[in-house]
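Notes to accompany the following structure.
Computed from the coordinates by the stated procedures, all read-outs in this text should not be read as laboratory data. Because the structure is predicted, anything quoted here is derived from the model rather than measured. Quick reminder, even Gly has a Cβ in these numbers, built from the backbone with ideal geometry, and neighbours come from all protein chains shown.
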Amino acid sequence: MLPEGALEATGAGATDFDWRLSVASIEGAGDFTPYPDFERTLTVIVGELLELTIDGETHPVELYRPLKFAGGAATVATLPTGDVLALNVFARTGVARASVRIVELSKKMEQHLFGAQFGVLLQGAATMSYAGSDHQLNVRDTVVGGEENSPRITGRGFMAVVSFDLP
């Protein structure tokens with residue numbers, strides 16, 4: 001389990017990674033930093049609405065509705081309803097692919113996280129069971145999936161399940 005922050009595979013430079021998962025506060029209108037050779041998926045996780053104009057076309061991004069777009073595209077953000085917090089997922093084109101799914105957690109049905117998957121608690125209360133131990137999750141805690149003894153999540157609320165395909 002990891003507290004709120006950024007995760008990435010290899011490298012420490014601005015684009016020296018193959019994939020990346022981070023949470024960012026968007027507090028004003030403006031241009032996004034371009035990430036050529038990457039595919040981005042952005043999900044508003046706190047706030048109501050973010051409008052992204054991507055290569056001249058406007059896309060409304062509502063709470064818990066992921067939007068995938070080319071990282072190198074000219075992207076401008078506006079905040080019609082106020083500041084937002086966003087989950088950002090980057091995947092280097094030709095090296096990795098990413099998908100983001102928002103799931104509603106249940107106390108009766110476990111959410112398993114397997115290898116190359118991460119679960120970010122977005123809202124509510126949840127418990128992670130792993131290797132015979134239970135751990136309470138805080139909002140925006142990130143759980144790393146596993147092949148054997150995969151972590152199991154139960155509770156009430158919403159979780160972003162981020163899956164990476166690393167061919």
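Once the chain from D37 to D16 is taken as fully extended at 0.36 nm per residue, the excess over their C-alpha distance is 6.4 nm. Cα extents for the range 19-167 along the principal axes, largest to smallest and rounded to whole angstrom: 50, 36, 18. Placing a label point 7 Å from the Cα of E104 along the Cα-to-Cβ direction, the residues of the range 130-167 whose backbone N falls under 15 Å from that point are 155-160. Each residue, V46 and L166, gets one label point 7 Å from its Cα in the Cβ direction; the gap between the two is 3.0 nm.
Kirkwood radius for the range 99-165, taken over all pairs of different Cα atoms as the inverse mean of 1/r, rounds to 11.5 Å.
Scan the chain and hand back the longest stretch that contains none of the trypsin sites (Lys or Arg not before Pro) lying in DSSP loops with at most 11 other Cβ atoms within 10 Å.
Between the exposed loop sites, the longest stretch runs 1-106.
What list do you get for T75, T43, T33 if you sort them by fewest beta carbons within 10 Å? Please list the in-between numbers first.
Details: T75 21, T43 26, T33 9.
Lowest count first: T33, T75, T43.
Model label sites at R152 and R65, defined 7 Å from Cα along the beta-carbon direction, differ in position by 3.5 nm.
What residue among T78, T41, T58 shows peak mean-square fluctuation when the chain is described by a Gaussian network model with Cα springs under 10 Å? Largest GNM mean-square fluctuation: T58. So, counting K/R as plus one and D/E as minus one, what does the shell of residues with Cβ under 12 Å around P151 add up to? So the environment of P151 carries a net charge of -4. How high is the FRET efficiency between N138 and A74 when r is their beta carbon distance and R₀ equals 25 Å, given to the nearest 0.05? Efficiency, from the Cβ-Cβ distance: 0.10. With contacts taken as Cα pairs under 8 Å at a separation of at least 6 residues, the chain carries a relative contact order of 24 percent. Quotient of the Cα radius of gyration of the range 7-93 and 2.2 N^0.38 Å, N being its number of residues: 1.03.
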